[in-house]
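The values are calculated or read from the model by the stated rules, or taken from the named source; none is laboratory data. Bear in mind the structure is a predicted one, so any value in this text is a computation, not a measurement. All Cβ positions, glycine included, derive from the backbone under ideal geometry; neighbour counts span all protein chains shown.
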Amino acid sequence: MIPFKGIVSTVVSEIQGEVIESGFPEFGLDGDYYSHEYIGLGRPTDIVVYIDVSKEFKHLYEIGELDDWISKYSRQIPVLGIEVEYNSPHQTQAEYSERTEKSGATIPIIRLLHRDNPRDTPPKKVKDKETISVDLTEPRSIRSNVCPVISTYLMELQSTKVSDVPHISQFLESIESRVFHREEVARAYKNGQTGLLIILLSVFFESHYYNKLLSKVESFRENDLPSPIIDKDTPFERILHQCWYFGIIDDSEFRIVNSIRDSRNDYAHDIELYHQIQKTPAERDGTVDQAIKLYEDILGAKRSVIED
């Protein structure tokens, strides 16, 4: 009798070749004998089909401290579980039933029921699980009976927004907004959208330096020292000058950020400048790349989009 792990490996191999590599490269498979824990899945099934969020968000792991709290398996969000029912020394039928009934999985489950000579019958629902009769010892049977069902499911999932898939939505909500901002900056740079890039950088710098100045002001107040009055309505130019005055930024940093601020203001006052053939101050003086480097230093990025 073929060992259970050998059966699982065969199923994974066939789905990988016939389904994933043929048309669904954003998905992956894990058939490591249900040894891993995945977000929202409970006790894992024999095989997990997952979407790797880091493929969707290319620069997700290029910000330093994110690696400390986003593990490999939390970024692999399960979208489908595959249970393999095949008698083996690894588990008795009773153990199999108990494990699958208590798994607590909330993702769709496909159950592969081993039959030496399966009939050509369509999958059917058994206890809310789509059950497929298949000869698990024959790769051809897996290809003809299992792979089309997996392909159909993933095709339907591809047409769904990732944010509408509960597990993926849960993951995305846990990510800090600056990661999504980094994605937009990287995309704008890659696509040559300098106008959008300047706006994104300016918005980030204004928020960042406002918070830096606010922390400084609060420390003055705690020590009964005179301090400037700032709030959310304080103009960015004033915030920037105050940051320079209090030593929060040096001359070089001030020059870079002020050039981006000035360029953003050009767009705000004259939309005609938001044009491919027009150049803002930041573009004319070559400050944009310097601003990206500064932005990435603030984030703690491990790698620059300029180097991609």
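How many residues, within region 277-295, are touching a residue at least 40 places away in the same chain (Cβ under 8 Å) and not small (G, A, S)? Going through region 277-295 one residue at a time, the tally reaches 6. Restricting the search to helices (runs of 4 or more DSSP H) fully inside region 233-298 and requiring at least 1 residues that are modelled with pLDDT of 90 or more, on the phi < 0 side of the Ramachandran plot and buried (at least 18 other Cβ atoms within 10 Å of the Cβ) gives 236-245, 251-269. Do we find a residue being at pLDDT 70 or above, part of a loop (DSSP other than H, G, I, E, B) and more than 16 Å from L112 (Cβ to Cβ) anywhere in region 45-63? No: zero hits. Does S141 count as modelled with pLDDT under 85, at negative phi and out of contact with any helix residue (DSSP H, G or I) (no Cβ under 9 Å at 6 or more places or on another chain)? No, not satisfied.
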